[in-house]
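Everything below concerns the one structure shown next.
The values are calculated or read from the model by the stated rules, or taken from the named source; none is laboratory data. Computed from a prediction, not measured in an experiment: that's the story for all the values here. Backbone-built Cβ (ideal geometry, glycine too); neighbour counts: all protein chains shown.
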Amino acid sequence: MLGRRFVCAVAAAATFAFSGVAHAETVLKVSLHSDLKIVDPIWTTALITAHHGNMIYDTLFALDDKLQVKPQMVDKWDVSPDKLTWTFTLRDGLEWHDGKPVTGEDCVASIKRWAAKDSMGQKLMSVVSALSSPDAKTIKMVLKEPYGLVLDSLGKASANIPFMMPKRVAETDPNTQITDYTGSGPFIFKKDEWKPGEKAVYVRNTRYKPRNEPPSGLAGGKVAKVDRVEWITIPDQQTQVNALMNGEIDLVEIVPPDLLPLLQKDKNIKTLVTNKAGRQYAMRFNVLYKPFDNAKIRTAVLYALDQKAFLEANVGNPDYYTLCKSLYPCGSPLATTKGWDDKLSGNTAKARELLKEAGYDGTPIVLLHQTDIAGHSNLATVAKPQLEAAGFKVDLQAMDWQTLVARRNKKDPPDKGGWSAFFTSWGSPDVMNPVSAAYINASCDKATFGWPCDAEIEKLRDAFAKETDPARQKAIAEQVAVREIDYPTYVPLGQFTTPTAIRSNITGLLQVPELALWNVEKK
């Protein structure tokens, strides 16, 4: 009896916090949309890597729940009367995970590495004449001319996100993946416990000093309320749901609508949409090689594809999708369908006509097909018969998403390990305008994978970035949309939102364009 009482007393002391006694470690187990294999959020735009970045890094600015830019690592800033000199002061108490202070030099190096890869970053740096750190807490940016998107660029919420890294890490070539994962964010990445294909582990950063504000979107106070977060890789969606219902995991990031009724019957499960802004499906072209080096052949694809078929096959429930023939999200200030009303409706005859005019010679489209991402695994399989009906030859190559992420960076010919096209999605905040939308970037080798090259689009993007009048901005954005018909860089395939499911003892999940696991409590 005494031994039993002793064991119970020890267990109680380990479980409950009182009188300074340490509490039991709180572990949050989640299953996300993909395995984590690439952990450099500047090297890739993969959403899972952006999620990873949000766990361990911080940003100078961030979007709140109303998608307004707010300071995050920055305490205060000012702009000179001529709008050419921006001075940012870092807030007190910022430290890297190794205990060293965050400095302005770290941030300058981080901005430069991010800007080498990101669409908005490239445009920003094109008007920057000097970027320096006059002292340890200051960042000074001098512009060649006034620029209206400085804060929007530094506070962008979707990949590539301008995460701050130590200078020694940020000086890594942007085209080479980093190997040092030191950040300054609310969680620390446990590299020694990372097993691609199984799990990734993060622990609470006890040195982190959050802003003294309530959390709002990706802004405000980032308070880690659990001690440990485990990302458990479960490729099969039904298995994810079963694990959630059995209490083996606490959260499933993306639940297919057809499995929602099962979860909604379980009183121990809650479902919600955390990303109210939603996402946009996209087909990305590789313009370096046949057949998509020919712009008219790409225009034929705009006619061949039927947007509704993609949404029905990958989302299914109209409560969670929106037909939208706009490059910019429908309902947003710049939304326009000018020139697009007769596209994306499966006009096979028109597509065949354009292919004949373009002299299509039967070169196969090497179409990369991701098989393991909820809500995306039927994109390529829907496209294949539509493209074939229009007269294309299609070589459908199946692979997991992380393999696709690595392959899409290759510039090899499609028949030698390269590619012609693939499908993905972007967060709506990232395609709000022609500068932020990475797939509209047509700056040749500086553009992201696909490498479109069009001086007219770039001229319009420059004009948009420098314009401050909303009416004029809208007119320029419309010109970009019209130009995309004659020089398509990608195909917008509609908008959708994704339901997330959590155990009922989980609270504090934030409404964000990405995934935020600070503020989450497990009771």
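See the values below:
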item: Number of the condition not met by residue 172 [criteria: (1) under 20 Å from the mean Cα position of the chain (by Cα); (2) within 27 Å of residue 124 (Cα to Cα)]; result: (1)
item: Breaking point among (1) under 18 Å from residue 114 (Cβ atoms); (2) surrounded by 22 or more Cβ atoms within 10 Å (Cβ to Cβ), for residue 434; result: (1)
item: Boolean, residue 437 is without any contact (Cβ under 8 Å) to a residue 40 or more places away in the chain and not acidic (Asp, Glu); result: no
item: Which listed residue, of 512, 480, 491, is assigned to a loop (DSSP other than H, G, I, E, B) and not charged (D, E, K, R); result: 512
item: Of the criteria (1) under 29 Å from residue 67 (Cα atoms); (2) of a type in the set (S, T, N, Q); (3) outside any helix (DSSP H, G or I), which one residue 397 fails; result: (1)
item: Any chance residue 477 is modelled with pLDDT of 95 or more, over 26 Å from residue 339 (Cβ atoms) and in contact with a helix residue (DSSP H, G or I) (Cβ under 7 Å, 6 or more places away or on another chain); result: no
item: Candidate set: the range 214-242, residues that are out of contact with any strand residue (DSSP E or B) (no Cβ under 8 Å at 6 or more places or on another chain) and in a loop (DSSP other than H, G, I, E, B); chosen: the one surrounded by the most Cβ atoms within 10 Å (Cβ to Cβ); result: 222
item: Yes/no for residue 382 being crowded, with 16+ Cβ neighbours inside 10 Å, over 28 Å from residue 479 (Cβ atoms) and over 21 Å from the mean Cα position of the chain (by Cα); result: yes
item: Candidate set from the range 388-402 (those that are buried (at least 17 other Cβ atoms within 10 Å of the Cβ) and aliphatic (A, V, I, L, M)); member that is farthest from the chain's Cα centre (by Cα); result: 390
item: Pick from the range 307-363, criterion surrounded by fewer than 19 Cβ atoms within 10 Å (Cβ to Cβ), touching a strand residue (DSSP E or B) at 6+ places or on another chain (Cβ under 9 Å) and among the charged types (D, E, K, R), ranking: farthest from residue 393 (Cα to Cα); result: 312
